[in-house]
Amino acid sequence: MKAGVITFHSAHNFGATLQTWALQRALKNYKIEASVINYHPSIIDDLYNPLKGKFGMKRRIAKFKLRRKNPRSLERYENYTRFLKKHLNLLGDFSTYEELEAADLNLDAYIVGSDQVWNSEHIGGFDPAYFLDFVKPGPLKISYAASIGRDYLLPVYHEQIKNSLKSFTSISVREKSAKRPVKELAKKQVDVVLDPTLLLAREEYNEIKTVPNIKGKYIFVYMMEHNPDVVAFANKISTATGLPIVQRRPNKIFKNEIATCYTSAPGDFLGLIENAEYVITNSFHGTVFSIIYETPFVSMLHSNTGSRTVDLLKSLNLESHLLYTASDFDDFNKFRIEEPEKLRKRILELRQTSLLFLLDALKNNDRQKIVACPTQIKKHECYGCYACKEICPTNAITMEEDKEGFRYPVVDEAKCIDCGACNKACIRKTNHIIEYAEQYPKVYSVMNKQEEVRMKSSSGGIFPELARFVIEEKKGYVVGVKYDKDMKVVSSIADNMEEVKAFYGSKYVKSDFDGIYPQIKKLLQDNQTVLYSGLPCECAALRSYLKKEYENLYICEILCHAAPSPKIFNQYLDYLNKKFNSRVVNLTFRNKNTGWLIHKCSMIIEFENGKNLSVNSRKNNYFRAFLNDYISRPSCSSCEYTYKNRVGDVTIGDFWGIKDIDPSMFDDKGVSLITINDDKGSKIWDNVKEKFNYKESDMAKAFKKNHNKPSPFKLERLDVFDRLDKDPIDDLLYEYNDLKK
């Protein structure tokens, strides 16, 4: 893919240049053929070019005079120009919009940003180049971290901006304060992402960083806007520490000043930040690189653009570094970066989210699109829970598989009567999370007393006893998940324990449960007792579909890591069928004969010819992709059913971490976690608890090592699904297996 970035790359200040280089580098890191569209209008060039308006002989004469009168101005210009030509992959040479519009750049994607590209004061009003109006229909049009420099867009340009944004395929801004005004005009999803400089690890800047020729320790003062308060404060710190000052401006400002970086190239700026003892700045990028290099710093806000620094520091929990006035300074702890490990982790989280936006936009994925259903939720919000499909009185909704293998609702407009039933049933609108009564939840670690039963289960063997109670004591029915004759994972209903055995063990793939809710409703209306077991979102969907409580229904919610793609699972089975020249007839993801812990258990693959294959589960290519969240449904990354947000009468799963929490309950043969969430949960538990050895616990312990928040949406996931159907499935999954043999 070829992508072009248009931004203020030719502005001769460190931040503008470095954010351009960083975005180009980030794109190249993900094998995007990135270039910087060399659009440099006179409104920007004239600010920095000391030879502006001079050509031919006049330019040579002016250059000669400048070398004598103001050589540093010329040196600064030449150093910057050299850096741009050496380190940016410049495309074309356009000094006017008309030249740019006439060019045929033939790119797959166009990206505007970052920096204040949408700040009308910086671009002399409305410049259509920075709203990608020159791009012909067809390619992707993306804004990445575009900034408006304030929290509003000038009304005089609203219509032009609104018209330009209509054709954008993805929009993001750099500051939270810019989201609302941009979204109001765009009428589209607007994301907040990191400045491109934060997309890279500090080590990546070594490619352009240079070490300053300064002996001894120093304070680096980086003022974009001259501010007497900054000067006074820096002098105070210099006096208190005895450290000299290095600063940006051409003229000497500080009492104990030893150098200026006025003529320096961007690489020198990086070295100055990294090697400083303290940084004092009113610059956004001065703040950014102090954070990247973990150099002690304070930020004194720029009068016009301080909001972007405030937004950044708040997002990183670094507000303590803000210094509104010199009198606010208490001690040198103001400079100190507390808990750098936490800071790195937070930056990594935000970087991941920002890169996901960028790569998702470039791959033109449709996660942000609205589902083709009156629920009007986005694809990444849709659980694929079937509630809307099953509730529809006219059967206007079908569930159709997308290119990733997940099912989404599609409405037949000719059948739809706009009754709103699907909208009311949507579990994104009403999640059916239980409001605990005072005595709930009750939490236990549990082991089935019958070791034979426990060994056939994934964890401690709770589900078989719940099922036995409903079938044998209540003469009822159990709903669970099994493999059908074609090894498809489907929901099914059993009325005897022999059939229930097919439900034992975890199936790490999103199941097909088309038509199961109406069958359950019919049983309940016939006064039959039903035990329903399913993923949390499926349990919520059942409650939504039924619309009322049934005393004869018990809902057993299974703790969920994420729901993998049925398409990938089926392709993996096809690979096994061909490789071993026999059809797979059963697959046990976690056989415990070699141990229950995840690094010990085995995946057992049974073939039609009677042969079995046993592999370490954790190292298996499919299982590892599941554990690493590379093949999950997009909605798993925004799941509302984690930790204390429960929808079942009981919730069951593995009690991970029990070995350290309560060693007496650990024998490496499986321990279950059960939470009793309401009175109905207590009722069924009281009828089976004598079958178990169990101990009381609490939610904090139970979820210390368990899944307590949504699965992260990984960058690798984008690549896996982008290459699905192109690469052999096992080769593809092997490439992303971080535990290769």
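The values are calculated or read from the model by the stated rules, or taken from the named source; none is laboratory data. Values in this document were obtained by computation on a predicted structure and should not be read as measured data. Cβ: placed from backbone, ideal geometry, glycine included. Neighbour counts: every protein chain shown. We work out accessible area using only protein heavy atoms, side chains counted, and drop any ligands, DNA or RNA first. Shrake-Rupley method; radii C 1.70, N 1.55, O 1.52, S 1.80 Å.
Quick one: which residue in Val193, Val135 is under 27 Å from Leu88 (Cα atoms) and more than 27 Å from the chain's Cα centre (by Cα)?
Details: Val193 fails: more than 27 Å from the chain's Cα centre (by Cα).
Step by step, each of Val193, Val135 is checked, and only Val135 is under 27 Å from Leu88 (Cα atoms) and more than 27 Å from the chain's Cα centre (by Cα).
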Quiz item: Do you know which residues across segment 72-127 are modelled with pLDDT of 95 or more, in contact with a Phe, Trp or Tyr (Cβ under 6 Å, 6 or more places away or on another chain) and open to solvent by less than 30 Å² (accessible area, probe 1.4 Å)?
Solution: Phe94, Leu100, Ile111, Val112
Self-check item: In segment 341-374, the residues that are surrounded by fewer than 20 Cβ atoms within 10 Å (Cβ to Cβ) and touching a Lys or Arg at 6+ places or on another chain (Cβ under 9 Å)
Solution: Gln352, Asp366, Arg367, Gln368, Lys369, Ile370
Quiz item: Looking at (1) at pLDDT below 90; (2) farther than 18 Å from His122 by Cβ; (3) surrounded by fewer than 20 Cβ atoms within 10 Å (Cβ to Cβ), which is the only condition Glu225 fails?
Solution: (2)
Quiz item: Out of all the residues in segment 321-340, which are open to solvent by less than 80 Å² (accessible area, probe 1.4 Å) and closer than 24 Å to Val230 by Cβ?
Solution: His321, Leu322, Leu323, Thr325, Ala326, Asp328, Phe329, Asp331, Phe332, Lys334, Phe335, Ile337
Self-check item: Top-ranked residue in segment 486-504 [being in contact (Cβ under 8 Å) with a residue 40 or more places away in the chain and farther than 16 Å from Val470 by Cα; ranked as farthest from the chain's Cα centre (by Cα)]
Solution: Met487
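Out of curiosity, is Ile291 in a loop (DSSP other than H, G, I, E, B), touching a strand residue (DSSP E or B) at 6+ places or on another chain (Cβ under 9 Å) and open to solvent by less than 40 Å² (accessible area, probe 1.4 Å)? Working first, answer last.
Numbers: in a loop (DSSP other than H, G, I, E, B): no; touching a strand residue (DSSP E or B) at 6+ places or on another chain (Cβ under 9 Å): yes; open to solvent by less than 40 Å² (accessible area, probe 1.4 Å): yes.
Spelling it out, it is not the case that Ile291 is in a loop (DSSP other than H, G, I, E, B), touching a strand residue (DSSP E or B) at 6+ places or on another chain (Cβ under 9 Å) and open to solvent by less than 40 Å² (accessible area, probe 1.4 Å).
How about segment 224-262: which of its residues are in a loop (DSSP other than H, G, I, E, B), out of contact with any strand residue (DSSP E or B) (no Cβ under 7 Å at 6 or more places or on another chain) and more than 14 Å from Tyr278 (Cα to Cα)?
Our first condition is that a residue be in a loop (DSSP other than H, G, I, E, B); within segment 224-262, this holds for 224-227, 242-244, 248-256, 261-262.
From what is left, the residues that are out of contact with any strand residue (DSSP E or B) (no Cβ under 7 Å at 6 or more places or on another chain) are 224-227, 242, 251-252, 255, 262.
Met224, Glu225, His226, Asn227, Asn251, Lys252, Lys255, Tyr262 - these are the residues of segment 224-262 that are in a loop (DSSP other than H, G, I, E, B), out of contact with any strand residue (DSSP E or B) (no Cβ under 7 Å at 6 or more places or on another chain) and more than 14 Å from Tyr278 (Cα to Cα).
Which residues, taken from segment 123-147, are outside any strand (DSSP E or B), touching a helix residue (DSSP H, G or I) at 6+ places or on another chain (Cβ under 8 Å) and more than 13 Å from Arg308 (Cβ to Cβ)?
Filtering segment 123-147 for residues outside any strand (DSSP E or B) gives 123-139, 147.
Cutting the leftovers down to touching a helix residue (DSSP H, G or I) at 6+ places or on another chain (Cβ under 8 Å) gives us 123-129, 131-134, 147.
Answer for segment 123-147, where residues must be outside any strand (DSSP E or B), touching a helix residue (DSSP H, G or I) at 6+ places or on another chain (Cβ under 8 Å) and more than 13 Å from Arg308 (Cβ to Cβ): Ile123, Gly124, Gly125, Phe126, Asp127, Pro128, Ala129, Phe131, Leu132, Asp133, Phe134.
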Quiz item: Residues in segment 309-325 that are of a type in the set (A, V, I, L, M) and either part of a loop (DSSP other than H, G, I, E, B) or in contact with a Lys or Arg (Cβ under 7 Å, 6 or more places away or on another chain) (or both): how many?
Solution: 3
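Sort out which residues of segment 683-741 are in contact with a Pro (Cβ under 8 Å, 6 or more places away or on another chain) and under 25 Å from Leu358 (Cα atoms), and write them in order of number. Write out each step before concluding.
Quick first cut of segment 683-741, residues in contact with a Pro (Cβ under 8 Å, 6 or more places away or on another chain) only: 699, 713.
Selection gives Phe713 alone.
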Practice problem: Run down Lys669, Lys659, Lys644, Lys680 and say which single residue is in a helix (DSSP H, G or I) and in contact with a helix residue (DSSP H, G or I) (Cβ under 9 Å, 6 or more places away or on another chain). | Solution: Lys659
Quiz prompt | Gln189 under 23 Å from Phe131 (Cβ atoms), open to solvent by 10 Å² or more (accessible area, probe 1.4 Å), in a loop (DSSP other than H, G, I, E, B) and of a type in the set (S, T, N, Q) | solution = yes
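Would you point out which residue out of Gly53, Gly92 is assigned to a strand (DSSP E or B) and of a type in the set (Gly, Ala, Ser)? Can you show your working first?
Values: Gly53 fails: assigned to a strand (DSSP E or B).
Selected residue: Gly92, the only one of Gly53, Gly92 that is assigned to a strand (DSSP E or B) and of a type in the set (Gly, Ala, Ser).
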Quiz prompt | Pairs, first aromatic (Phe, Trp, Tyr) in segment 600-621, second open to solvent by 60 Å² or more (accessible area, probe 1.4 Å) and not in a strand (DSSP E or B), C-beta under 7 Å, six or more apart | solution = Phe607/Phe580; Phe607/Arg583
Quiz item: Out of (1) among the small types (Gly, Ala, Ser); (2) within 28 Å of Leu316 (Cβ to Cβ); (3) open to solvent by 10 Å² or more (accessible area, probe 1.4 Å), the odd one out for Ser167 is which?
Solution: (2)
Practice problem: Write out, first by first residue and then by second, each pair whose Cβ atoms fall under 6 Å of each other, whose residues are 6+ apart or on separate chains, and whose first residue, in segment 675-686, is more than 20 Å from Cys560 (Cβ to Cβ) while the second is among the β-branched types (Val, Ile, Thr) and surrounded by 21 or more Cβ atoms within 10 Å (Cβ to Cβ). | Solution: Ser682/Ile676; Trp685/Ile676
Quiz item: Within segment 196-215, how many residues are of a type outside the set (Ser, Thr, Tyr) and under 23 Å from the mean Cα position of the chain (by Cα)?
Solution: 8
Quiz item: Identify, please: which residue in segment 578-596 is surrounded by fewer than 21 Cβ atoms within 10 Å (Cβ to Cβ) and among the hydrophobic types (A, V, I, L, M, F, W, C) and is, among those, farthest from Ala502 (Cα to Cα)?
Solution: Phe580
Quiz prompt | Any hit, segment 694-711, residues being over 35 Å from the mean Cα position of the chain (by Cα), crowded, with 17+ Cβ neighbours inside 10 Å and part of a loop (DSSP other than H, G, I, E, B) | solution = no
Quiz item: Counting just the residues of segment 192-206 that are touching a residue at least 60 places away in the same chain (Cβ under 8 Å) and farther than 14 Å from Ser147 by Cβ, which one comes out surrounded by the most Cβ atoms within 10 Å (Cβ to Cβ)?
Solution: Leu199
